[in-house]
Each structure stands twice: as structure tokens, then as C-alpha cells.
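Asks: I am attaching a structure below and will ask some questions about it afterwards.
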Amino acid sequence: QVQLVESGGGLVQPGGSLRLSCAASGSIFSIYTVAWYRQAPGQQREWVARIVSGGGTNYADSVKGRFTISRDNAKKTVSLQMNSLKPEDTAVYYCYLADAIGYWGQGTQVTVSS
């Protein structure tokens, strides 16, 4: 059984930064791709970024150049550094571990507002 716990969300002004973390337990973490998704009110959940076991990364066009995903396999954590935040980045951010079953965290709220 895998458990994912996100942290680091909050309220930030436009142009500000936040760093989200996803801590995993109960899994051979290092061999799996981990992704971040987000869901804004009234909208479908959308993919934001992913990092594969070897460290390769991919980003949605909407966050490319502003967000950076990284992982620490020894600590079983994945982070999402978010810079130059915009109001449209406001959403609940979810961590997803892509093993044979697929696991989601409970989400962390990010609000970008002045």
C-alpha cells in the first residue's frame, strides 16, 4: 500500500514562489514515475509535470520555464518548485505515483491572489 502526502501549498501573490513536496511511503519509490496534477474549481484535473525514475522531466506548456520538478529517491520525495506564479495557477495540486495501480495524494491548495 502506497501513501502520498503533499505539503507546501498556501496563499501567494502573483509573481511569487512556492515549493510543493510529495512524500511517499510503502513503495519502491525510485523505480516509478511521479507526476503533479492540478484541479481548479469547476475544471478537470490537468497534468502539470512528471519525473521518471532516471530523472528525466516533462512539463505542461502552461508551466514550462516557471516550474521545476525534482526527486530525492533516498527520502522518497518529489518536489515542485513554482516560480512566477500567476492567478491561473490557483488550484489543488495532487501528487501521483504511476505504478501498476496508480496512487494519488490528498492534494494541497495553492492560491495565487493579490
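The values are calculated or read from the model by the stated rules, or taken from the named source; none is laboratory data. For clarity, every value in this text was computed on a predicted model and none was experimentally measured. Neighbour counts run over all protein chains shown; Cβ positions are idealised from the backbone, glycine included. Each accessible area value is taken on the protein alone, full model and side chains, heavy atoms only, with ligands, DNA and RNA left out. Shrake-Rupley method; radii C 1.70, N 1.55, O 1.52, S 1.80 Å.
Asks: Looking at segment 79-90, can you tell me whether even one residue there is farther than 16 Å from Gly16 by Cα and among the aliphatic types (A, V, I, L, M)?
Replies: Checked segment 79-90: no residue is farther than 16 Å from Gly16 by Cα and among the aliphatic types (A, V, I, L, M).
Asks: Still on this structure: For segment 55-67, name all the residues that are surrounded by 10 or more Cβ atoms within 10 Å (Cβ to Cβ) and over 15 Å from Met82 (Cβ atoms).
Replies: Answer for segment 55-67, where residues must be surrounded by 10 or more Cβ atoms within 10 Å (Cβ to Cβ) and over 15 Å from Met82 (Cβ atoms): Gly55, Asn58.
Asks: Looking at (1) out of contact with any Asp or Glu (no Cβ under 8 Å at 6 or more places or on another chain); (2) at pLDDT 95 or above; (3) closer than 16 Å to Gly105 by Cα, which is the only condition Lys86 fails?
Replies: Of (1) out of contact with any Asp or Glu (no Cβ under 8 Å at 6 or more places or on another chain); (2) at pLDDT 95 or above; (3) closer than 16 Å to Gly105 by Cα, only one is false for Lys86: (3).
Asks: Any idea which of (1) farther than 17 Å from Gly107 by Cβ; (2) open to solvent by 70 Å² or more (accessible area, probe 1.4 Å); (3) basic (Lys, Arg) is the one Arg19 doesn't satisfy?
Replies: (1)
Asks: Tell me, which residue of segment 75-113 that is of a type in the set (Val, Ile, Thr) and part of a strand (DSSP E or B) is farthest from Val12 (Cα to Cα)?
Replies: Thr77
Asks: Further question on the same structure: Considering only segment 39-53, how many residues are open to solvent by less than 80 Å² (accessible area, probe 1.4 Å) and over 17 Å from Gly102 (Cβ atoms)?
Replies: So the answer is 1.
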